[in-house]
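First the structure, in the form of structure tokens, and then the observations on it.
Each value in this text was obtained by applying a stated rule to the coordinates, not by laboratory testing. Predicted model, so just to flag it, every value in this text is computed and none were measured. Cβ sites come from the backbone with ideal geometry, for glycine too, and all protein chains shown count toward neighbours.
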Amino acid sequence: MLNKNLSKAKFLKLTIFLIYMDNVIELQNVAKHYEMGDNIVRALDGVNIKVQKGDFVAIMGPSGSGKSTGMNLVGSLDLPTQGEIYLDGRNIAHLEESQLSQIRGKKIGFIFQSFNLIPNLTAKENVMLPMLFQGLDFQNREEKAQELLKLVDLEDRGDHYPNQLSGGQQQRVAIARSLSNDPEVILADEPTGNLDTKTGEKVMKFLDELNKSGKTIIMVTHDPEVAQKHARTIYWLRDGKIEKVTKRLNTIWRTIK
Ligand SMILES: Nc1ncnc2c1ncn2[C@@H]1O[C@H](COP(=O)(O)OP(=O)(O)OP(=O)(O)O)[C@@H](O)[C@H]1O
Ligand SMILES: [Mg+2]
């Protein structure tokens, strides 16, 4: 009897552990407020988000609704005014910058709307750069960068500088760079915002492939078609709050909150 109860308790503990571990990111009652003179701007105002490992999440909402603020917090680029943020089970809401930058380097890949490549480095050097901080030697960095450029169909553009590449190519270099430290999570803030529809689709195809390979993707987009085509969970933000959450099962979207 005792044994049975013990194994039940163990099973319950394990289940709770697994459910907990399943969330790669969790935001609990997170707020980011800015004091602007007498005013307080509530960029984020008490949001709860849980992102499961391997999910493809889109964050949608009007301009100024807090999407980039949320991404910066998840990406440990900024600290919240209030609330807790768990990344892979670790609370990052109160860490020092040196610890945050380590976590960022290891766990998170960033893709920005404006590509953010370093102009005086070649495509390959841009992809190699984040690996420098992980202590890989030159040859390993170069080999890995070449592999990643191949993954995004740019193996023949490694020696080009950003201004010698098209917008779509620059964004693919940025995708390759975001993968250089084999991150758990990829954060993409309007990754197709500066691209025409066709080039944007090509970039989205790479994000789909990364997601299929097991990466968790969180993407900000203002385009509901892109969100509904690629994401499986959508958080809808308005005025710093979550207005609703929708989830897709095959082709059917359900509002779950
Ligand atoms: N550093 C800051 N200081 C003061 N207010 C800020 C700061 N950063 C953002 N805000 C304000 O917080 C709100 C949310 O900004 P955020 O950049 O997250 O919006 P967004 O949803 O990403 O918008 P967009 O779609 O235009 O990119 C905005 O009202 C903005 O003016
Ligand atoms: Mg933004």
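List the lysines whose alpha-carbon lies under 18 Å from that of LYS205, not counting same-chain residues fewer than 8 positions away? Answer for LYS205, where 18 Å is the Cα cut-off: LYS150, LYS215, LYS229, listed by chain and number. Classified by the C-alpha gyration tensor, region 34-133 has a prolate form. Its axis ratio a/c, with a ≥ b ≥ c, is 1.5 or above, and a/b is larger than b/c. The dipole here belongs to region 135-231: it is taken about the Cα centre, uses +1 on the Cβ of Lys and Arg and -1 on the Cβ of Asp and Glu, and is about 120 debye. Please give the Cα centre distance for region 36-90 versus region 117-181, rounded to the nearest Å. Answer, in whole Å: 28. Taken over region 39-147, lysine pairs spaced eight or more positions apart, or on distinct chains, with alpha carbons under 25 Å apart number 14.
Looking at the chain, the DSSP beta bridges with both ends there are about 60 percent antiparallel. Normalised by the number of residues in the chain, the average gap of Cα pairs under 8 Å and 6 or more apart makes the relative contact order 25 percent.
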